[in-house]
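The values are calculated or read from the model by the stated rules, or taken from the named source; none is laboratory data. Since the model is a prediction, treat every value here as computed from it, not as a measurement. Glycine gets a Cβ as well: all are built from the backbone with ideal geometry, and neighbour counts include every protein chain shown. When the accessible area is computed, the model is the full protein with side chains, heavy atoms only, and any ligands, DNA or RNA have been set aside. Shrake-Rupley method; radii C 1.70, N 1.55, O 1.52, S 1.80 Å.
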Amino acid sequence: MKPLAWIDGSRCDLSEAMVPLEDRGYLLGDGVYEVIKIYNGNPFYLHPHLDRLQNSASAVNIKIPYSMEKIEGEIATLLENSECKSGYLYMQVTRGSAERDHLAPEGTNPSMVMYVRDYPAPVSIEEIKPCSCITVPDERWMNCYIKSINLLPNVMARHKAAEAGAQEVLFYRPGGIVTEGTRSNTFAVIDGIVRTHPESKLILSGITRMIALEILRELDYPVSEEAFNLDELERASEVWTTSTGMEVLPVADIDGKAVGEKVPGPVCRHLIEKYRERVEQECCDGKKLCG
Ligand code: PDD
């Protein structure tokens, strides 16, 4: 596939894509973004992602400079031209380019960029490598429902995880309340109930989280969108993360302590199977993703 970019209407190879140095996204982190997975050449849950981009942009008073119809058309062309089968689409909207000042000068026009890159297709459930997590105090701001490009605390925490040989973080707020990961939402099976932090300003309302909740409810698992704390997490029989990139990813250990007896546990495994069926229905005309 060809990694391609789209910058305010111009298309080019990703390697040649340029944005102005004074773009407020670059200088001030003044922007919002989305990541959409591509399976079999098709975007998965495109509309919920576009709606969330719109909501994030409105929350920070950035007006997306194109209609959703125009954006959808441009995405279709980008995917077709890139011949991407398995990949992801990154989209970013910033307040635009202007002489650096915290106050955006009048007449600054928002800017939008998108690019498509490949990403490995899912492996069989047996081949999934469960992840290790560390717990880290959640020192992010109080508006984590906005998918802002300000990701410094997430980056710092992810580096801390890597130093500890872990791949993801479980952020916790005062009282030990587990919120989410650096780039994923968090689920735990505690006393037989599947728990995840409720939608609030403290987490991103993950699209994968939403799909996982739908599936778990369809399967009649007891589910509660009730936050849990680190003590409760210690007695979890299963923990997993959800995100566009990593899909449903089982957690093997937290701060070096093993989670449950078998990873993935039975609920997580069932969820992965059904999540894949969703992908196959939505993007692959029902054909198997792998195996
Ligand atoms: N991250 N929480 C945070 C902080 C995230 O950054 C993400 C996604 C999620 C999961 O959201 P979704 O299921 O809609 O992908 C939760 C993207 C993938 C990223 O930054 O790469």
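Below, the figures for the structure above:
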read-out	value
Some residue of region 179-187 being in contact (Cβ under 8 Å) with a residue 12 or more places away in the chain, within 13 Å of the ligand (Cβ to nearest atom) and among the acidic types (Asp, Glu)	yes
Tabulated pairs, region 193-218, first farther than 17 Å from Pro250 by Cα and open to solvent by less than 20 Å² (accessible area, probe 1.4 Å), second within 11 Å of the ligand (Cβ to nearest atom) and not in a loop (DSSP other than H, G, I, E, B), C-beta under 6 angstrom, 6+ apart or interchain	Ile207/Pro48
Subset of region 34-44 (residues that are surrounded by 20 or more Cβ atoms within 10 Å (Cβ to Cβ) and within 9 Å of the ligand (Cβ to nearest atom))	Glu34, Ile36, Lys37
Residue within region 49-69 that is closer than 23 Å to Lys2 by Cα, open to solvent by less than 40 Å² (accessible area, probe 1.4 Å) and touching a Leu at 6+ places or on another chain (Cβ under 8 Å) present	no
Some residue of region 9-22 being open to solvent by less than 30 Å² (accessible area, probe 1.4 Å) and at negative phi	no
Hits in region 173-192 - residues which are within 12 Å of Thr135 (Cα to Cα), surrounded by 21 or more Cβ atoms within 10 Å (Cβ to Cβ) and not β-branched (Val, Ile, Thr)	Glu180, Gly181
Tally, over region 189-234, of residues that are more than 18 Å from the chain's Cα centre (by Cα), within 15 Å of the ligand (Cβ to nearest atom) and under 27 Å from His159 (Cβ atoms)	1
Filter result for Ser243 (polar (S, T, N, Q) and either away from the ligand (no atom under 15 Å from the Cβ) or out of contact with any strand residue (DSSP E or B) (no Cβ under 8 Å at 6 or more places or on another chain) (or both))	no
Qualifying residue in region 245-259 (condition: open to solvent by 20 Å² or more (accessible area, probe 1.4 Å) and more than 22 Å from Glu180 (Cα to Cα))	no
Which listed residue is in the same structural domain as Ala161 (by TED's automatic domain parsing) and out of contact with any Ser or Thr (no Cβ under 8 Å at 6 or more places or on another chain), from Asn185, Asn229	Asn229
Near pairs, Cβ below 7 angstrom, 6+ apart or cross-chain, from region 229-254 (aromatic (Phe, Trp, Tyr)) to any residue that is within 12 Å of the ligand (Cβ to nearest atom)	Trp240/Phe187; Trp240/Val248; Trp240/Leu249
